[in-house]
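J.: Once you've had a glance at the structure underneath, I'll fire off some questions.
Where a number appears in this text, it was derived from the coordinates with a stated rule and is not lab data. Just so it is clear, the model here is predicted, and its values are computed rather than measured. Cβ placement follows ideal geometry from the backbone for every residue including glycine, while neighbour counts extend to all protein chains displayed.
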Amino acid sequence: MQLVLKKKYTAEGYQHVPASGGDFGIEGFTRETGHAFQCYCPDFHYERKELYAHQRTKITNDLNSLRNYATGLQSILGDTRIKNWYLITPDVINKDLIVHAVKKQNEVRDWGLPHLHEEFTVYVHDAGYYMNEINEVRQIEGAPITIARETPKIPELNDEKTDYEGNLERKTKLRAGDKGEAAFEGLLKLTRRAFLDHDPFFHQLYNSHPHTYWLVARTLHGLEERVEEMSYELTGDPDNLVSTIRTSLTQHLKDDKLLSIDATMADDIAKRTVARWLAVCQMDFR
């Protein structure tokens, strides 16, 4: 994201703040205009409620840092006073996050700190505000995104079944139908492997291609509600329902001009995402 901010705000005197020793609640700021920026791109693809909770905590903690590390922050800012503080995150899916931002903004104003403007304002931006710059940076990256990965080691499951494991077993039995125990065990093994590899996969996508990760995360969050609707709308064989949703998701990712990912990468994302939806109950059989 630093490349995006440098491209967008160079004319306003953008200054990156390295995280070594702590970033004091900002990752960069503009000396000329008093904008300060903090990014939140989670390591994992959280579900909607989880994402909101983490974003809310991020705003609270980083705004508190503006006071807790006031001395260090003033030494970096110099004569600049922070007027606008931006949380930049892939997607904003809950309006309550904006309500929380306004509440914290008013609290910060009451601190009356010399390095903060009296009209200090908090903004919550999703990736759409920076789409032109993101696309320019992605063009520099070049070819469609792929990830070369080793076969993941699947952790051994504890004897005590988790809710996620119970969901996978129940739904896999419905998907396998009367195909027999071997079909059930094979399908469960594949689905469990995709589910357990979900977070490591997206973590690696973030580390290797953060701009693509932002766009993928935003797309998936937008589709989650639609998946729940389809679980009610589609009838018939449960395995066909899973196949229909996975095929639809893969095609959606392939057709997204902003993503520019190939068919293999789209299928890799869809396979792990659908497995997670099955485990955490976004996708169920009515």
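J.: If you take every DSSP beta bridge whose two residues both sit in region 2-135, what share of them, in percent to the nearest 5, is antiparallel?
T.: So the antiparallel bridges amount to about 30 percent of the total.
J.: How would region 2-135 be classified by its alpha-carbon gyration tensor: rounded, prolate or oblate, with rounded meaning a/c under 1.5 and the a/b versus b/c comparison settling the rest?
T.: oblate
J.: Could you give the length gained on full extension between residue 118 and residue 169, defined as 0.36 nm per residue of separation minus the Cα-Cα distance, in nm?
T.: Stretched fully, the residue 118-residue 169 segment lengthens by 12.7 nm.
J.: Which length gain, in nm to one decimal place, applies between residue 251 and residue 131 when the Cα-Cα distance is subtracted from 0.36 nm times their residue separation?
T.: Between residue 251 and residue 131, full extension yields 41.0 nm more.
J.: Along Cα→Cβ, 7 Å out, is where each label goes; now give me the distance between the ones at residue 258 and residue 54 in nm to one decimal.
T.: In this crude spin-label approximation the distance works out to 1.9 nm.
J.: FRET efficiency for residue 32 and residue 199, Cβ-Cβ distance as r, R0 = 41 Å, nearest 0.05?
T.: 0.55
J.: Which pairs in the list 171/254; 7/271; 6/271; 58/254; 7/83 are over 29 Å apart, alpha-carbon to alpha-carbon?
T.: Result: 7/271; 6/271; 58/254 exceed 29 Å.
J.: Using 0.36 nm times the number of residues separating residue 226 and residue 96, minus their current alpha carbon distance, what extension gain do you get?
T.: 44.7 nm
J.: So if I place +1 on the C-beta of Lys and Arg and -1 on the C-beta of Asp and Glu, and nothing else carries charge, what would the dipole magnitude of region 2-135 be about its Cα centre? I want it in debye, nearest 20.
T.: Charge dipole of region 2-135: 100 debye, to the nearest 20.
J.: Right, here's the next one. Sorted from largest down, give the three principal axis spans of the alpha carbons of the chain, whole angstrom values.
T.: The principal-axis extents, from largest down, are 72, 40, 36 Å.
J.: Given charges of +1 on the Cβ of Lys and Arg and -1 on the Cβ of Asp and Glu, with all other atoms neutral, how large is the dipole of the chain about its Cα centre, in debye to the nearest 20?
T.: Here the chain has a charge dipole of around 280 debye.
J.: Amide H neighbours of residue 116 under 5 Å, at least 5 residues apart or on other chains, H built in the peptide plane: list them.
T.: Excluding prolines and chain starts, which carry no amide H, the hits are 82.
J.: If you add up the charges near residue 12, with Lys and Arg at +1 and Asp and Glu at -1, over every other residue whose beta carbon is less than 10 angstrom from its beta carbon, what do you get?
T.: +1
J.: Let me ask something additional. As I understand it, the dipole of the chain uses +1 on the Cβ of Lys and Arg and -1 on the Cβ of Asp and Glu, about the Cα centre. Which of 241, 66, 198 lies farthest toward its positive end?
T.: Final value for the positive-end residue is 66.
J.: A follow-up question, please. Name the residue from 36, 114, 253 whose Cα lies farthest towards the positive end of the charge dipole of the chain, charges +1 on Cβ of Lys and Arg and -1 on Cβ of Asp and Glu.
T.: 114
J.: For Cα pairs less than 8 Å apart in space and 6+ apart in sequence, what is the mean separation divided by the residue count of region 2-135, i.e. the relative contact order in percent?
T.: 25
J.: While we're on this one: If you find the alpha carbon centre of region 72-106 and of region 169-231, how far apart are they in angstrom?
T.: 34
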